[in-house]
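The values are calculated or read from the model by the stated rules, or taken from the named source; none is laboratory data. Keep in mind that this is a model prediction, so the values were computed, not measured. Backbone-built Cβ (ideal geometry, glycine too); neighbour counts: all protein chains shown. To get the accessible areas, we keep the full protein, side chains included, count just its heavy atoms, and leave off ligands, DNA and RNA. Shrake-Rupley method; radii C 1.70, N 1.55, O 1.52, S 1.80 Å.
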Amino acid sequence: MGARITGTGSWLPARTVSNDEIAATLDTSDEWIFSHTGIKTRHIAGPDESTASMSAEAGRAALAAAGLKPEDVGMVVVATSTPDYATFPSTACMVQNALGCRNAGAFDIQAACAGFIYALEAARGLVELSRRPALVIGAETLSRIVDWKDRGTCILFGDGAGAAVVEYSESPSLWLSTLRADGSGAPYIVREGGTRPGPDGKPLPAAPLAMKGRNVYNFAIKALEDVTRSLCAAAGTAPAELDCIFAHQANGRIIEAVARRMDLPLGKFYLNIASTGNTSAASIPVALDQAARGGALRDGMRIVLCGFGAGLTFGGTIMDWPGASGGVRDNRDTAK
Ligand code: COA
């Protein structure tokens, strides 16, 4: 028994904002941004777009690719840190309604930029138990929570959504995951505005995303390397034998450093950050969809998905695309 990905979809807003446009209002430059991040431009949601609306577009495309009707879906899972509402209703409920998934449950997952990795694994477990398809989405409208006057953060992020349909499968192949966390790094990426009390006992007001970039950078390189190595060890695969690595597109320099440390050619890593920026939970499913539709991702390829984010969270999945787990199904077996 197992689960496989039977369709992918993605949605990027039509509006793009280049480094030069940002540099017109901020003390930065295209040269600085590109040389420190690998980013050239990013998509920014239009006034009528939201995390839920972009999720629905990506989800619709994934269902079409899988050849499923909305009523076939058993669960809608949305990974996001930028939900339409602060707490509830969940973005997944809005997507369930927008798509007409009338037989589905729906819930959100908050694991920041590692959210899609977490959501995919949660969906796999549910699909194997229920034998009903799940629609898994990673989506963000980060442009609405960054401080556009903070050159250390606003240059990094973009908006978008990516989706994958996970279906039950009788034919097992490789699909192993590891989901990890290190809450001691919580202060590295924070967005206030929850119920956490300030000195006066009242909840702290909502604030833009705040980040200690250098700390995140150092953590990220180690996390991506550790996850990839531990997944390869669990699967009995040398990293050099992987066909493609879909690492979270946070910063091209981070991915280059991981490639160097692992002695892998950069060409093994799928890269689209130059045109998307960091779309957080959307980055891996958007990359998967682009690779699948562009022909870079073919059946039978052994791939790793790996991500990290606020929390801190990190994790990954190794699979023979398009999956169908039949091996180890317990994360503890693959986590170091
Ligand atoms: N343009 C020009 N200069 C900038 C700048 C910008 N956009 N952003 C920062 N700087 C400046 C700083 O002010 C600092 O100047 P100073 O030396 O005069 O004080 C200098 O560049 C170095 O700052 P630092 O923060 O150390 O830069 P960095 O090399 O670490 O690059 C990041 C900054 C944000 C690009 C990098 O740390 C990073 O990508 N971190 C990971 C972030 C991440 O992945 N977050 C998402 C997690 S999912």
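Considering region 79-131 alone, what residues qualify as being of a type in the set (Ser, Thr, Tyr), under 29 Å from Tyr188 (Cβ atoms) and in contact (Cβ under 8 Å) with a residue 40 or more places away in the chain?
Restricting attention to region 79-131, the residues satisfying the condition of being of a type in the set (Ser, Thr, Tyr) are 80-82, 85, 87, 90-91, 118, 130.
Applying the additional criterion that residues be under 29 Å from Tyr188 (Cβ atoms) yields 80-82, 85, 87, 90-91, 118.
Those that are of a type in the set (Ser, Thr, Tyr), under 29 Å from Tyr188 (Cβ atoms) and in contact (Cβ under 8 Å) with a residue 40 or more places away in the chain: Thr80, Ser81, Thr82, Thr91, Tyr118.
Considering only region 117-134, how many residues are under 24 Å from Gly311 (Cβ atoms) and out of contact with any His (no Cβ under 9 Å at 6 or more places or on another chain)? Full working, then the answer.
Step one: list which residues in region 117-134 are under 24 Å from Gly311 (Cβ atoms), which gives 117-126, 134.
Now restrict to residues that are out of contact with any His (no Cβ under 9 Å at 6 or more places or on another chain): 118-126, 134.
Selection size over region 117-134: 10.
Any idea which of (1) surrounded by fewer than 18 Cβ atoms within 10 Å (Cβ to Cβ); (2) assigned to a loop (DSSP other than H, G, I, E, B); (3) not aromatic (Phe, Trp, Tyr) is the one Gln249 doesn't satisfy?
Of everything listed in (1) surrounded by fewer than 18 Cβ atoms within 10 Å (Cβ to Cβ); (2) assigned to a loop (DSSP other than H, G, I, E, B); (3) not aromatic (Phe, Trp, Tyr), Gln249 misses just condition (1).
Is it the case that some residue within region 116-131 is closer than 17 Å to Trp11 by Cα and either at pLDDT below 95 or within 16 Å of the ligand (Cβ to nearest atom) (or both)?
First, the residues of region 116-131 that are closer than 17 Å to Trp11 by Cα: 116.
If we keep only those that are either at pLDDT below 95 or within 16 Å of the ligand (Cβ to nearest atom) (or both) as well, we get 116.
Looking for residues that are closer than 17 Å to Trp11 by Cα and either at pLDDT below 95 or within 16 Å of the ligand (Cβ to nearest atom) (or both), one finds at least one in region 116-131, hence yes.
Right, Ala274: of a type outside the set (S, T, N, Q), within 15 Å of the ligand (Cβ to nearest atom), under 14 Å from the mean Cα position of the chain (by Cα) and at pLDDT 95 or above or not?
Working: of a type outside the set (S, T, N, Q): yes; within 15 Å of the ligand (Cβ to nearest atom): yes; under 14 Å from the mean Cα position of the chain (by Cα): no; at pLDDT 95 or above: yes.
The answer is no for Ala274.
Could you list, in sequence order, all residues of region 121-146 that are polar (S, T, N, Q) and open to solvent by 30 Å² or more (accessible area, probe 1.4 Å)?
Restricting attention to region 121-146, the residues satisfying the condition of being polar (S, T, N, Q) are 130, 141, 143.
The one that is polar (S, T, N, Q) and open to solvent by 30 Å² or more (accessible area, probe 1.4 Å): Ser130.
Within region 160-192, can you find the residues that are within 18 Å of Asp320 (Cα to Cα) and under 19 Å from the mean Cα position of the chain (by Cα)?
Keep residues of region 160-192 that are within 18 Å of Asp320 (Cα to Cα), which gives 164-178.
Scanning region 160-192 gives Ala164, Val165, Val166, Trp175, Leu176, Ser177, Thr178.
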